[in-house]
1. Tally up the carbon and sulfur contribution to the accessible surface of the chain as a whole percent, 1.4 Å probe, everything protein left in place.
2. Pull out the extension gain between Ala76 and Ala54, defined as 0.36 nm times the separation in residues minus the alpha carbon to alpha carbon distance; nm, one decimal.
3. Suppose all protein chains stay in the model; what accessible area per residue would a 1.4 Å probe give for the chain, in Å²?
4. Taking amide H atoms as placed 1.01 Å from N in the peptide plane, list the residues 5 or more away in sequence, or in a different chain, whose amide H sits under 5 Å from that of Phe140.
5. If you take every DSSP beta bridge whose two residues both sit in region 1-117, what share of them, in percent to the nearest 5, is antiparallel?
6. Note the full-extension length gain between Glu106 and Glu204 as 0.36 nm times their separation in residues minus their Cα-Cα distance, in nm to one decimal.
7. Would you calculate a helix-derived [θ] at 222 nm for the chain, using -39,500 (n - 2.57) for each DSSP H run of n ≥ 4 and dividing by the full residue count, to the nearest 500?
8. Express in nm, to one decimal, how much length is gained between Arg221 and Glu87 on full extension, taking 0.36 nm for each residue of separation and deducting their alpha carbon distance.
Amino acid sequence: MYEAVHAYPDGDATVARQATTAARYGYDGIVVRTRDALARSGGDAATPATDPEAIADEYGIDVVDAVEIDVDGPTAASGAVGNRRSERTVVCVVGGDDRLNRYAVEEPRVDVLARPNAGSGGFNHVLARAARDNGVHVEFDLGPVLRRTGGERVRALADLRKLREIVTYYDAPHVVSANAASHLELRAPREVVAVAAEVGFDPEWVREGLRAWGRIAERNRERLSGDFIEPGVRRGRYETER
């Protein structure tokens, strides 16, 4: 199972600190959402603190380079997705309003619609069908359930339950996260599952959402490799460059 985290400079802890804590908690990997936290392949100069392979070797946990695109509207989001798709293994678009939610689920280049309930926007059956048809995973952010109290927590729970009903009814893909911005906000998989179960979520459904991050990374790494031609077709020893 994987957790998708924010790391310094976007978060309060380094990738290494997040990695060592996640490994201790029993995660198989972390997805680093912060664009500038890791060196990108063929681009930024890597150091032991920014090289995902070095961090993975040091702490025994998969480190996935990702980007979380948080912009004002679909036009800016489209440009950012086009620029980052070939650079990062996982591409997330932060939703929260109707325009961004719709853009994200209708764009096959997007892997995850992050925090669709973050703002004033909604998520309906039309968006759920688009997410299913385009393979865009809808994020269930349990951070507010874990870290907020009172009315904010109640509203967050109501939003998540409504979102779950729509997503499960239309069989749209989903991911689950505690959306940790610090190693202190990380929770072990069993804790995330237990909290979600207490508020009415099926434990295996939550585990499936934690595993989905790793499957997205595996799929996209294959697509970014030189051996990938198209789904179901790989470059073999008889394939030559033309």
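1. The nonpolar share, carbon plus sulfur, comes to 45 percent.
2. Working: separation 22, 0.36 × 22 = 7.92 nm, distance 3.29 nm.
Here the segment from Ala76 to Ala54 would lengthen by 4.6 nm.
3. On the way: 11890 Å² over 242 residues.
The answer is 49 Å² per residue.
4. Under 5 Å from the amide H of Phe140: Val175, Val176, Ser177.
5. Working: 0 of 15 bridges.
Here the share of antiparallel DSSP bridges comes out near 0 percent.
6. 32.5 nm
7. After summing the helix terms and dividing by the residues of the chain, the value is -13500 deg cm²/dmol.
8. Stretched fully, the Arg221-Glu87 segment lengthens by 47.1 nm.
The values are calculated or read from the model by the stated rules, or taken from the named source; none is laboratory data. All values derive from a computational prediction rather than experimental measurement. Heavy atoms of the whole protein, side chains included, go into the accessibility calculation; ligands, DNA and RNA do not. Shrake-Rupley method; radii C 1.70, N 1.55, O 1.52, S 1.80 Å.
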